[in-house]
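First the structure, in the form of structure tokens, and then the observations on it.
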């Protein structure tokens, strides 16, 4: 077994090939460029999307998937604008997006059998998220220091209790007793209203 297979990515905890690390560094560079000095609301997802145009800070246009819904939640129109303009508008609202796993979920994972079912993948995701909780809580409290943290993935619902004010040092923002579901139009509207209230404070 080569030493390469033993390297774990510090952004997601998965086994990291050189290609995995290169993609992580690219996403990190894109993200850091538009981090607000003072974060009003941190939008925390479970896992970074695998499709480039779904990643909010991607230069690819038009934004799709998660990125498109987050721009909608932030009341940022995407029509006829450059990626730089979109990201700057999002940044000016004091919003910042990151994920518990800062890299997409690898298809099978290190040493996993080739025939992985969706249920197996969901279980593996929950295990990776649980392992990342301590580091993410410390990062929020000591580095990002937002005024609020909005949980924006159903996969984070089971971890809501760990995102208490005492743990993250700021106000947690959830949809009732669940994380916000960006694909649900009602939940997206409620998130949009909450973000608008934050911007106007």
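Computed from the coordinates by the stated procedures, all read-outs in this text should not be read as laboratory data. This structure is a prediction, so every number in the text was calculated from the model and none was measured. We place every Cβ from the backbone using ideal geometry, glycine too, and count neighbours over all the protein chains shown.
Among the helices (runs of 4 or more DSSP H) confined to the range 1-100, the ones with at least 2 residues that are loosely packed, with under 14 Cβ neighbours inside 10 Å are located at 18-33, 83-92.
Residues that are in contact with a helix residue (DSSP H, G or I) (Cβ under 9 Å, 6 or more places away or on another chain) and within 14 Å of residue 144 (Cβ to Cβ) within the range 21-38 comprise 34, 35, 36, listed in sequence order.
Tell me which residues, restricted to the range 170-189, are surrounded by fewer than 16 Cβ atoms within 10 Å (Cβ to Cβ) and either touching a helix residue (DSSP H, G or I) at 6+ places or on another chain (Cβ under 6 Å) or free of Cβ contacts under 8 Å to residues at least 60 places away in the same chain (or both). Full working, then the answer.
From the range 170-189, those surrounded by fewer than 16 Cβ atoms within 10 Å (Cβ to Cβ) are 171, 176-178, 183-186, 189; that's our starting set.
Answer for the range 170-189, where residues must be surrounded by fewer than 16 Cβ atoms within 10 Å (Cβ to Cβ) and either touching a helix residue (DSSP H, G or I) at 6+ places or on another chain (Cβ under 6 Å) or free of Cβ contacts under 8 Å to residues at least 60 places away in the same chain (or both): 171, 176, 177, 178, 184, 185, 186, 189.
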